[in-house]
Amino acid sequence: MDERLRRWRLVLGGGEADGTGLGLHGDDARMDAALGSLYDAGQSAERGGLGASAPRVARWLGDVRTYFPPGVVQVMQQDAIERLDLTRLLAEPEMLEAVEPDVHLAATLLSLAKVLPDEARESARALVRAVVGDLERRLRARTLTAVAGALDRVARTRRPRRTADVDWNRTILANLGHYLPDRNTVVPERLVGHARKRRSLRRDVVLCVDQSGSMAESVVYAGVFGAVLASIPALRTRMVVFDTAVADLSDLLHDPVELLFGTQLGGGTDVNRALAYCEGLLERPAESVLVLVSDLFEGGPRDQMLRRVAAMTGAGVRVIVLLALSDEGAPLFDRDNAAALAALGVPAFACTPDAFPDLMAAALEGRPLP
């Protein structure tokens, strides 16, 4: 069979009616059935569909994992949740054992955490733990490298108090413009050195994360990054989640799985209330970075929210708004609030997880954001 024709047959489905005139056999027929159960209009009776049977869906998920690569499996699982209303079935252990762990499913399970039956809760926790472990392996090293480099640069001071503190190589490079040829020397106008207490606390970081339903994937990534940042001694990291109420989960940053199960995805949004709480955590405003992860659909008093942001930036806090922290594209967000924040000098944009380490490094140093 011509490979291009075979692929078209799998894309089009529908047997003789698809115009290819090709029949499928063996693995191709099973791949076609798996695709048809999900994407054929109405899930016809001859293909069986997925229906509402957990065993049938579990078998379908097994076929999907057998015949398609991991990236395609994740897309099909997510499409099944959205198109066929399989959320309820994810509360069943048989389903959880069949799915491929990924960030979308982890977010879905977190949104169901409060209603999962006991027999499904441990399976759900194991799946979320697998996702978190994979994300940490992917993101930890780069985050630590970027942030450690930024903190080292923060530690340098232009006014070293002792000769022993002067970094002479960097001082010479910084003052080459003041070289005196006739004296064969450099006259330094500024000294570059290192802070004496290299391990001292240098920055406070607060992750303020919207846990409304639309932000589910961002919550997962924020939890992982929060745990990584909390492992850096030179940072004091806190994580606050909110909807219309505020919860401080900083004590759980050592265990991102427990932290994520401490969230309550869904509900409304009160950004102002969350920022008011975070403002109280900022003991050293000029040494602080606040990252607000929210789509900015504010249900609280908008004017108060904007005034509070203006007050924090005026006190020296570096405030950044991430409309999403995920692999997805540009999110749906409140454009008026984003524009109002931009007018205050606070950028608001979507950020992928791979870009987050460099963004944090720039924020900690006070550089323009990448």
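A Förster distance of 41 Å, applied to the separation of the beta-carbon atoms of Glu283 and Leu332, puts the FRET efficiency at 0.70.
Please give the length that would be gained between Glu100 and Asp303 if that part of the chain were fully extended, namely 0.36 nm times their separation in residues minus their C-alpha to C-alpha distance (nm, one decimal).
Taking Glu100 through Asp303 to full extension adds about 68.7 nm, to one decimal.
In plain terms, if you count all Cα to Cα distances in region 304-370 and split them into 5 Å steps from zero, the share in each step is 4, 16, 25, 24, 20, 10, 1 percent. Determine the shape class of region 212-337: with a ≥ b ≥ c the square roots of the Cα gyration tensor eigenvalues, call it rounded for a/c under 1.5, and otherwise prolate if a/b is greater than b/c, oblate otherwise. Since a/c reaches 1.5 but b/c is at least a/b, the shape of region 212-337 is classed as oblate. In this structure region 270-353 gives 42 Å² per residue of accessible area when probed at 1.4 Å with all protein chains present. How much of the pair distance distribution for region 102-144 lies past 14 Å, counting alpha-carbon pairs only, in percent? When all Cα pairs of region 102-144 are counted, 50 percent exceed 14 Å. Between Asp251 and Val115, the simple spin-label model (points 7 angstrom out along Cα→Cβ) gives 2.9 nm.
The values are calculated or read from the model by the stated rules, or taken from the named source; none is laboratory data. These numbers were taken from a predicted model, which means no experiment stands behind them. Cβ: placed from backbone, ideal geometry, glycine included. Neighbour counts: every protein chain shown. Accessible surface areas use protein heavy atoms only, side chains included; no ligands, DNA or RNA. Shrake-Rupley method; radii C 1.70, N 1.55, O 1.52, S 1.80 Å.
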